[in-house]
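The values are calculated or read from the model by the stated rules, or taken from the named source; none is laboratory data. Keep in mind that this is a model prediction, so the values were computed, not measured. Cβ atoms come from the backbone with ideal geometry, glycine included; neighbour counts cover every protein chain shown. Just so you know, the surface numbers come from the protein's heavy atoms only, side chains and all, with ligands and any DNA or RNA stripped out. Shrake-Rupley method; radii C 1.70, N 1.55, O 1.52, S 1.80 Å.
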Amino acid sequence: MPALKEVLEKTVREGELYEPLGPTASGERAAGWVHCYACGHDCKIPDGQAGVCKVRFNRGGKLFVPWGYAGSLQCDPIEKKPFFHAVPGALAFSLGMLGCDLHCSYCQNWVTSQALRDPDAVSPPMRVTPEELVEEAVRLGARAIVSTYNEPLITSEWAVAIFKEAKRAGLLTGYVSNGNATPRVLEYLRPWVDLYKVDLKSFDDRHYRQLGGRIAPILDSIRRIHAMGFWLEIVTLLIPGFNDSDDELTRLAEFLSGISPDIPWHVTAFHKDYKMTDPDNTPAETLLRAAEIGKRAGLRFVYAGNLPGYVGDRECTFCPQCGAMLVDRYGYHIRGYRLTPAGACPDCGTKIPGRWEREFGGQLASVPFLPRARRRREPLATIAPNCGT
Ligand code: SF4
């Protein structure tokens, strides 16, 4: 029975987001190295080795990248991603791959994201083609196809192949990402990705180093994603004692509002998961405190998530000009929709930033469900247990 690593090494093709590196005069680097710029780690990889993400590797001076499989497939309300200013109520056909460039101890998708680091994370991949995925998304009535559940940047070539097909079918496309990008990968994605959610986990570089990253490339990417015209929403999972101080949240919110007060900021509740079981679950009071901080910093759209029923109307969209309620939500469920066909407040005419449809298309599902394709699809191989080194 093959190990997951062996199976994944066969479902690859040569990547596009890399360049060969010549040997250095000092002899520090031999011939055959490559530079991968798919994420902010900017790995320089010798022949025979993999990058930090473990799913992109150098074989014979060429970078090979994941291709032709899915680690998980699910249909989600687009509010779960969360995108609140993009086609409310729509179904987002959600594709996950395996691996990540960070290793957050509280990851809520660790079974897929840590599949090559943690022997307990075993998620058998399924063989799929872009055509099959898009056909299934359209059949189910999805309006968007989204790369999510692990870090999409590390499988960007495969995502773009799917998104090209999705665009032909008239679907919106999206990334649910940690934002650890590079200018070059964002240029590569821009023609094919409409919606970009960044999980801004902290405003402290020391915290990011604990998670395996650095804050600088992430803040730079957030500025660029907004400037390049992706539709950007930001999420911060509030973890008691880790990132929920007034000072850190104020600096984070002021950073976002300095880019644009129109960037929606979602503050969401942590629950004990994976290896982080010490902090308590986030209480509603913390979400409401963070939401006030966001408003004080000048953000016009701040949402409190993961605790429906405990945060009042903080899940709803209000007109920042006249205060009218425009989208009434409870969890992922849309209870009311009042935007005009032009995406404006019907009471005062203020334009609301986002990617709106001419009219509300109803809601196909307010809870996630599995597509038929996933239920009937055979795994690529039977994976040996506890072998994901
Ligand atoms: S995607 Fe990021 S972590 Fe993976 S090889 Fe490329 S630069 Fe390194």
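Here are the numbers for this structure:
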read-out: Heavy atoms of TYR208 accessible to a 1.4 Å probe, total area in Å² rounded to 10; value: 0
read-out: Label-point separation, ALA30 to THR250 (7 Å along Cα→Cβ), nm; value: 5.5
read-out: Heavy-atom accessible area order for THR182, THR250, largest first, 1.4 Å probe; value: THR250, THR182
read-out: Gap separating the Cα centres of the range 92-111 and the range 253-328, nearest whole Å; value: 22
read-out: Degrees between helix 156-168 axis and first principal axis of the chain (Cα, 0 to 90, nearest 10); value: 50
read-out: Calculated on alpha-carbon atoms, Rg and Dmax of the range 149-191 in Å; value: 10.4, 29
read-out: Burial order of peptide ranges 278-284, 350-356 (average beta-carbon count within 10 Å, highest first); value: 350-356, 278-284
read-out: Distance in nm between pseudo-label sites at ARG335 and ARG209 (7 Å out along the Cβ direction from Cα); value: 4.6
read-out: Heavy-atom accessible area order for GLU135, GLU9, largest first, 1.4 Å probe; value: GLU135, GLU9
read-out: Cα-based shape type of the range 302-370, given that a ≥ b ≥ c are square roots of the gyration tensor eigenvalues and the cut on a/c is 1.5; value: oblate
read-out: Spin-label model distance (nm) - ARG139 vs ALA344, 7 Å beyond Cα toward Cβ; value: 4.2
read-out: Sequence of LYS10, LYS44 when ordered by accessible area, the most exposed leading, probe 1.4 angstrom; value: LYS10, LYS44
read-out: Accessible area of MET126 in the full protein assembly, 1.4 Å probe (Å², nearest 10); value: 20
read-out: Interatomic Cα distance distribution for the range 185-244, bins of 10 angstrom, percent; value: 21, 48, 27, 5
read-out: Anisotropy class of the range 243-320 from Cα gyration tensor, a/c 1.5 cut; value: oblate
read-out: Sparse-neighbour loop sites [chymotrypsin sites (Phe, Trp or Tyr not before Pro); the range 238-333; at most 15 other C-beta within 10 Å; DSSP]; value: TYR310
read-out: Share of carbon and sulfur in the accessible heavy-atom surface of the chain [1.4 Å probe, %]; value: 50
read-out: Out-of-range pairs (alpha-carbon distance over 25 Å; input LYS295/LYS351; LYS44/LYS164; LYS54/LYS167; LYS81/LYS351); value: LYS44/LYS164; LYS54/LYS167
read-out: Between the range 39-53 and the range 144-210, the alpha-carbon center distance in angstrom; value: 19
